[in-house]
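Below: the structure, in structure tokens.
The values are calculated or read from the model by the stated rules, or taken from the named source; none is laboratory data. Just so you know, these numbers come straight off a predicted model, no measurement behind them. Cβ coordinates were reconstructed from backbone atoms using ideal geometry, including for glycine residues, and neighbour counts include every protein chain displayed. Surface areas here come from the heavy atoms of the whole protein model, side chains and all, with no ligands, DNA or RNA. Shrake-Rupley method; radii C 1.70, N 1.55, O 1.52, S 1.80 Å.
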Amino acid sequence: MSASEYVSTRGGVARVNFADAVMMGLADDGGLLLPAAIPDMRAQLASWRSLSYSDLAYAVMSPFVGDAIPAAALKDIICRSYATFATPAVVPVRRCGRVHIAELFHGPTLAFKDVALQFLGNVFEHLLTQRGGKLNILGATSGDTGSAAIHGVRGKAGVDIFIMFPDGRVSPLQERQMTTVPDANVHCIAIKGTFDDGQRVLKEVFNDLGFKRDYQLGAVNSVNWARVLAQVVYYFWSAFRVQEATGAATVQVSVPTGNFGDIFAGYIAVRMGAPIRRLVLATNENDILSRFFRSGEYSQGAVCPTLSPSMDIQVASNFERYLYYRVGENSDRVRELMAAFARDKKIVITDGGDSLFAAGRGDTAMTIETIRRYYAAEKYILDPHTAVGVAVAEQYLCDDAPMICLATAHPAKFSAAIEQALGSDLAKHPALEALKDLPVRRVLLEPDKRVIEDYVKATV
């Protein structure tokens, strides 16, 4: 088995290479694509520590890409992707009290999604140049994926992008980052409902294999393996930086998550040999994931709007990838469990748990208190999602494994939360301020498969 061959969690897709996996997005059997094997890279860690971010990205990703993209082309794609970031480090790591903050928000849209979507946009462009044809990207966002995906493919030849977002449930600046982009290949769809409604429609459309084929659909959501792969890199990078600063043998990483994609990248990094002792999963009041890791029960509730809207999710699409490993890579069992969840909105795993993960919930009061406390003590402004991760991380601090907290967005994207916590909007960014007077383009549609398919047909 090879890391550059891909299988479906549900076992119904013949093995494909990296290029086909990227273009397929969601597996044609309704599952999610994963590498057939995960390489053990522990022998490489010493040589990886001194690499630049781009060189480390090539080292981490190349085993999963194989010969689907020539080495020189892959290196060029990676270098161009991270040249768009505001700092040569790409992901700077800074000490902040008892935690280390890995700042993932220095890309074009000031969110961690840029790390993956600048890369994926350039991969799409490369593959379309090699293969010819056209690609219609359909995505759903709870906030940051949409703008990052749009900025990854805006203006690219042969690509149209359609992004669904829940009307009134993303921050005003997140919406403006999407709807003010003037490129003709960008189409923003506000839907009447929640992110889970958009994610449901997205999967329904991709499972319509005739429509997917006829309209050349591609995926930018974290169902696309390339998204996860690009995020694996910063787990190695941030662990190395903190080891250099502290001399620690291993680290912990706290991840605010709603869709399980970001923390699943950490899980892959650990399986590859990253020096990470524990992954701390942090949710807000929408705590389906933290409840699962505490109790073994994965049960859907109603979406609760919070100050951290990108995590206001009750069905985590990447959880199926983790479930595949949790049940011993048994595709039959995955199909049974996902069918049970679709029917009952609940599954229970009684296998004793996974010691790699700790989990906790940071509610609105904890979010506000954490933002206030870190600003008072460190003069550092946490965005509300990062504040959830920090609040939960503080429950698991220990002396011999320093805690890294992933900072997923610039605080200026969430001015209402910052104002509520600090009394005034102290977080500003010139790129966001420039959006406030620009014209917007969007349509408002029902979250219905036929409605969305009809809109794509009429547009392309």
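With the requirement that a residue be more than 14 Å from D197 (Cβ to Cβ), not aliphatic (A, V, I, L, M) and not in a helix (DSSP H, G or I), what does the stretch 306-327 give you?
Start the filter on the stretch 306-327 by keeping residues that are more than 14 Å from D197 (Cβ to Cβ), which leaves 306-311, 316, 318-327.
Next cut, not aliphatic (A, V, I, L, M) only: 306, 308-310, 318-322, 324-326.
Residues satisfying the conditions are T306, S308, N318.
Among P70, P172, which is the only one that is at pLDDT 95 or above and either open to solvent by 10 Å² or more (accessible area, probe 1.4 Å) or small (G, A, S) (or both)?
Details: P172 fails: at pLDDT 95 or above.
Among P70, P172, only P70 is at pLDDT 95 or above and either open to solvent by 10 Å² or more (accessible area, probe 1.4 Å) or small (G, A, S) (or both).
Checked against the criterion of being surrounded by fewer than 18 Cβ atoms within 10 Å (Cβ to Cβ) and at pLDDT 95 or above, the stretch 403-410 has no qualifying residue.
Entry remark, the stretch 228-255: residues being in contact with a Leu (Cβ under 8 Å, 6 or more places away or on another chain) and open to solvent by 10 Å² or more (accessible area, probe 1.4 Å) number 1 in total. Restricting attention to the stretch 323-351, the residues being among the basic types (K, R) and open to solvent by less than 70 Å² (accessible area, probe 1.4 Å) number 1. Would it be correct to say that R277 is open to solvent by 10 Å² or more (accessible area, probe 1.4 Å), of a type outside the set (V, I, T) and in a helix (DSSP H, G or I)? Here the answer is no, as R277 does not meet what is asked.
Do we have F211 as closer than 23 Å to L127 by Cα, assigned to a helix (DSSP H, G or I) and open to solvent by less than 20 Å² (accessible area, probe 1.4 Å) here? Spelling it out, F211 is indeed closer than 23 Å to L127 by Cα, assigned to a helix (DSSP H, G or I) and open to solvent by less than 20 Å² (accessible area, probe 1.4 Å).
Being part of a loop (DSSP other than H, G, I, E, B), out of contact with any Leu (no Cβ under 7 Å at 6 or more places or on another chain) and open to solvent by less than 10 Å² (accessible area, probe 1.4 Å), is that true of even one residue in the stretch 116-131? Outline the logic, then answer.
In the first step, residues of the stretch 116-131 are kept if they are part of a loop (DSSP other than H, G, I, E, B); the result is none.
No, because not a single residue in the stretch 116-131 is part of a loop (DSSP other than H, G, I, E, B), out of contact with any Leu (no Cβ under 7 Å at 6 or more places or on another chain) and open to solvent by less than 10 Å² (accessible area, probe 1.4 Å).
Just checking, does the stretch 200-207 include any residue being among the polar types (S, T, N, Q), in a loop (DSSP other than H, G, I, E, B) and surrounded by 22 or more Cβ atoms within 10 Å (Cβ to Cβ)?
Pass one, the stretch 200-207, residues among the polar types (S, T, N, Q): 207.
If we keep only those that are in a loop (DSSP other than H, G, I, E, B) too, we end up with 207.
Adding the requirement that they be surrounded by 22 or more Cβ atoms within 10 Å (Cβ to Cβ) leaves none.
Scanning the stretch 200-207, I find no residue that is among the polar types (S, T, N, Q), in a loop (DSSP other than H, G, I, E, B) and surrounded by 22 or more Cβ atoms within 10 Å (Cβ to Cβ), so the answer is no.
For beta carbons closer than 8 Å, sequence separation of 6+ or different chains, a first residue in the stretch 35-52 that is at negative phi and outside any helix (DSSP H, G or I) and a second that is open to solvent by 40 Å² or more (accessible area, probe 1.4 Å) and among the hydrophobic types (A, V, I, L, M, F, W, C), the qualifying pairs are A36/M1; A37/M1.
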